[in-house]
Structures are given as C-alpha cells and as structure tokens.
Amino acid sequence: MAFDRACLRDADVDGRTVLVRADLNVPLEAGQVGDDTRIRAALPTIRDLVSRNARVVLCSHLGRPGGIPAREFSLGPVADRLSELLGTEVELAPEVVGDRARAMAAGLAPGEVLLLENTRFEPGETDNDPELARELAAVADLFVNDAFGTAHRAHASNAGVAALLPAYAGMLLEREVSNLSAVADDPDRPLVVVLGGAKVSDKIGVIDRFLELADQILIGGAMCFPFYRARGIATGDSLVEEDGITLAAGALEKAEGSGCELCLPVDLSLGREFDPATDRRDLDGVEVPDGWMGLDIGPRSATGYAGRIAAAGTVLWNGPMGAFELDQFDSGTRTVAEAVAGAAGFTVVGGGDSVAALAKFGLTDRVDWVSTGGGASLELLEGRPLPGVEALKAA
Ligand code: ADP
Ligand code: MG
C-alpha cells in the first residue's frame, strides 16, 4: 500500500500560518542539546515551508514533564539549536497556548518561524483534550504532522489538532511511513528480518506479523534466551525475560507451519556479568553454564546471519545482537551492522539502540532508511494503524 495521506507538497501554504507538529524530543545535557539528530530530521519540512513563504508555528514535546511547566523541560535549547541550523532566529513562545503564544504567532511575517513551548506542559496533551486541540488549531490555517516518533499516540498536538484543520503529512513522517511500509508491502525477496535486543515481549508483534511475510527471521540479543528456554536449553545467568518464554514457544510453534525460517544463534560469547571488564569466553554451542551469561552471539552465528543479509532483497533490522555497549561484546552487532551496510538489497534499521550501534560503527549513512521512531516504527511494522497518521487528510 502506497502512502495514502495528503502530503505537504499538496498544500498551498503561501502566506498562510502552518502549525507543524515536529518531534524535537532530543536528549539535553547540562542545559544544551546533546544529540541533534531529531532536530536535523525535522529541517526538510521547516525549510520547505519557509521557502514557500509560510508563517511557521512549530510545536513538540520534550521528555515527560507530566502536564506541568518545568524549566528543565523547556524547548529553549532546541530553539537555539534550530536557529543555528536554519541560519535564522527561531523565537520561543513561553507557553503552548494562551494570549502570549497567540500574539507571537499572529506577529509572524511570511518565512518566519516560531516555536511553541513543550506541549507536555499542558495536561491536556497526552489526554488528547479537545479544548487544547482547539486552542492549538486557533493559531493556524493548516496543520502539518511531521512527528513520526509520536504518531502511535493520539495526543492533542497530533491527532486532536488534525481533526480541526486541513491536515497534511510532513516530509519526515511521509518518508518514515513509506520506507517502513515498503518492507511489508511487496518487498524484494528474500525478505530477511533481523531482531535482537533485550525483550521478546517488545518485538513479539513484529515476529508474529513477519512469520507470515518474511522468508527468514534471524534472532539475536538477549531475546534469544526465552527461545532457548522454550526448547528446554539451559541459559545459565543470562538475561531471560520470564514472560517471554511463553511468547517464544508460541512463535516457534507458529514458525513450524509457516513459510518463514526462524533462526536462533548457534554459538555465543559469554561473560560473568554485564560489565566492560568482565571475563569473557566463547561457547561453540548455546547451552550456557551456571556462572556465565550470554552477552553476544558467537562468530559462527554472526557470519551465518551476515551471509543471509548479503543475499537478501530486503532487510529489516531492529535490536542489537548483544550488549554492544561493552566493547568486548560488540562484534556480533558489528558483523550484522556491516552486513546491513554492505547489502545490495533495500535496508531499513529501526530501534534506538540499533541506530546507536550503527552510529558507533560509523555506518549510519550506508543504510537506505534509518528510522527516527522507536515505538512508532514497531507499531507500524506490526501492521497497526498509527493515530497520528490516520488523522491526516486522505490523499
Ligand atoms: P532497540 O532500541 O534497538 O529496539 P532494545 O532496546 O530492544 O533495542 O535492546 C537493546 C538493549 O539490549 C541494549 O541495551 C543491549 O545491551 C541489550 N542486550 C542485547 N543483548 C543482550 C544480552 N545478551 N544480554 C544483556 N543485554 C543485552
Ligand atoms: Mg532500546
């Protein structure tokens, strides 16, 4: 299914006031923007609107202030960084809605950009309060949702306001939905899905769906241990999500009758504890002795996975193969990341830690699409409709 919502390019914005919900939820360090990836990801939409003479009113949440204004959750540092990146002053309104915010929005000249304060300073934001949505909508002629990272939530600043104004998809949101959907909709084959990370429960929805769509699912990370336990294999002191064992058993059973091969690691790297300086040993097998924990997939598994990735027509990767933050245990994740980077097929990577792993290995630019949305990308891949997308105008 192609993207079926009206996009920014379809909108006449000249001289009009456009409310843009962006995802500017960046990490702050000592009052400064730490990683500005999300701000950069929002720039194409903002630049497009500015170049077409729109009056741009930006809004976003940052962190979880819980409906109360708090200085440490102010978007002030984001306004500063945005001003630098755009090369033009972006003013910050001291509130989300209210007389002051309305007056500042009304005072914008064409091509100027205003940032409203953190939407989660308003208790109505996460409740999708219609009154807050009405007040937000009152400052603008049309609405653009570019906040893919929160599209899986129906909040006042995305779904609420979209119901009240002509509402379009921003460029980032459009590309996220198109690229992530492309993995499931008529992918080039073989379709290989690589899943890792800490918990089966986080990714069981994706496993379930792709057991019906993919040619191979390759499992790594601590997620493999509930699968071993479901098969009666000892996991020693490894991180095992107990509730995940039943889910893993269900997935193994579903895989039996499916056209999809569900692959588990065949060897592991072990440590004593989750610590950079822990003793390490390689296990040519997967039966983990007591006193040891599996912290990475082993070299035979990694090489096998890399070969399947290289032969794939489409690759989706979500979740590291091990505790890649510890240098001793990053080689499985590195081998998979290098394979994804070098793959000839269409490659998509999602998940905060997988994206951090790509960055650690300097491979970010060599993947076709790196998703900025964690929870939203998982829900989309599960085949669930995203409220923030559903609320937009049909194309
Ligand atoms: P993503 O953010 O890419 O979706 P997750 O959040 O699901 O990934 O999982 C990432 C976390 O899983 C990392 O912090 C990593 O250290 C941890 N992890 C992966 N494998 C193991 C393992 N074998 N033992 C302990 N932790 C692991
Ligand atoms: Mg994570």
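Structure data summary
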quantity: Count of residues meeting criterion [open to solvent by less than 10 Å² (accessible area, probe 1.4 Å) and within 18 Å of Ala169 (Cβ to Cβ)] in region 337-380; calculated: 4
quantity: Region 330-372: number of residues that are part of a helix (DSSP H, G or I) and away from ligand 1 (no atom under 11 Å from the Cβ); calculated: 15
quantity: Residue tally, condition part of a loop (DSSP other than H, G, I, E, B) and either within 16 Å of ligand 2 (Cβ to nearest atom) or surrounded by 24 or more Cβ atoms within 10 Å (Cβ to Cβ) (or both), over region 305-329; calculated: 9
quantity: Pro387, sole failed condition from (1) in contact with a strand residue (DSSP E or B) (Cβ under 8 Å, 6 or more places away or on another chain); (2) more than 27 Å from Leu295 (Cα to Cα); (3) away from ligand 1 (no atom under 15 Å from the Cβ); calculated: (1)
quantity: Some residue of region 91-113 being in contact (Cβ under 8 Å) with a residue 12 or more places away in the chain and under 17 Å from Arg38 (Cα atoms); calculated: no
quantity: Test set (1) in the same structural domain as Val192 (by TED's automatic domain parsing); (2) hydrophobic (A, V, I, L, M, F, W, C); (3) within 25 Å of Asn145 (Cβ to Cβ) - Leu386 fails condition number; calculated: (1)
quantity: Count of region 144-167 residues which are farther than 27 Å from Thr347 by Cα and open to solvent by 20 Å² or more (accessible area, probe 1.4 Å); calculated: 5
quantity: Inter-residue pairs, beta-carbon under 9 Å, first in the same structural domain as Arg38 (by TED's automatic domain parsing) and in region 349-364, second away from ligand 2 (no atom under 13 Å from the Cβ) and open to solvent by 50 Å² or more (accessible area, probe 1.4 Å), 6+ apart; calculated: none
quantity: Any hit, region 297-304, residues being more than 16 Å from ligand 2 (Cβ to nearest atom), buried (at least 23 other Cβ atoms within 10 Å of the Cβ), outside any strand (DSSP E or B) and within 21 Å of the chain's Cα centre (by Cα); calculated: no
quantity: Residue check, Asp186 open to solvent by 20 Å² or more (accessible area, probe 1.4 Å) and within 30 Å of Gly388 (Cα to Cα); calculated: yes
quantity: Test: residue in region 122-132 that is closer than 21 Å to Leu82 by Cα and of a type in the set (A, V, I, L, M); calculated: no
quantity: Wholly within region 8-117, strands (runs of 3 or more DSSP E) carrying at least 2 residues that are in contact with a Cys (Cβ under 8 Å, 6 or more places away or on another chain) and at pLDDT 95 or above; calculated: 17-21
quantity: Pairs where the first residue, in region 177-202, is more than 15 Å from ligand 2 (Cβ to nearest atom) and the second is at pLDDT below 95 and among the hydrophobic types (A, V, I, L, M, F, W, C), C-beta under 7 Å, 6+ apart; calculated: Val177/Phe3; Ser178/Phe3; Ser181/Met1; Asp185/Met1
quantity: Every pair of residues 6+ apart whose Cβ atoms lie under 6 Å, when the first sits in region 243-271 and is within 9 Å of Phe227 (Cα to Cα) while the second is polar (S, T, N, Q) and modelled with pLDDT of 95 or more; calculated: Gly244/Ser201
quantity: Enumeration of residues in region 370-384 that are within 13 Å of ligand 2 (Cβ to nearest atom) and on the phi > 0 side of the Ramachandran plot; calculated: none
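The values are calculated or read from the model by the stated rules, or taken from the named source; none is laboratory data. Since this is a predicted model, take the numbers as computed values, not measurements. Neighbour counts are summed over all protein chains in view; Cβ atoms, including those assigned to glycine, are modelled from backbone coordinates with ideal geometry. Accessible surface is based on the protein model in full, side chains and every heavy atom, while ligands, DNA and RNA are left aside. Shrake-Rupley method; radii C 1.70, N 1.55, O 1.52, S 1.80 Å.
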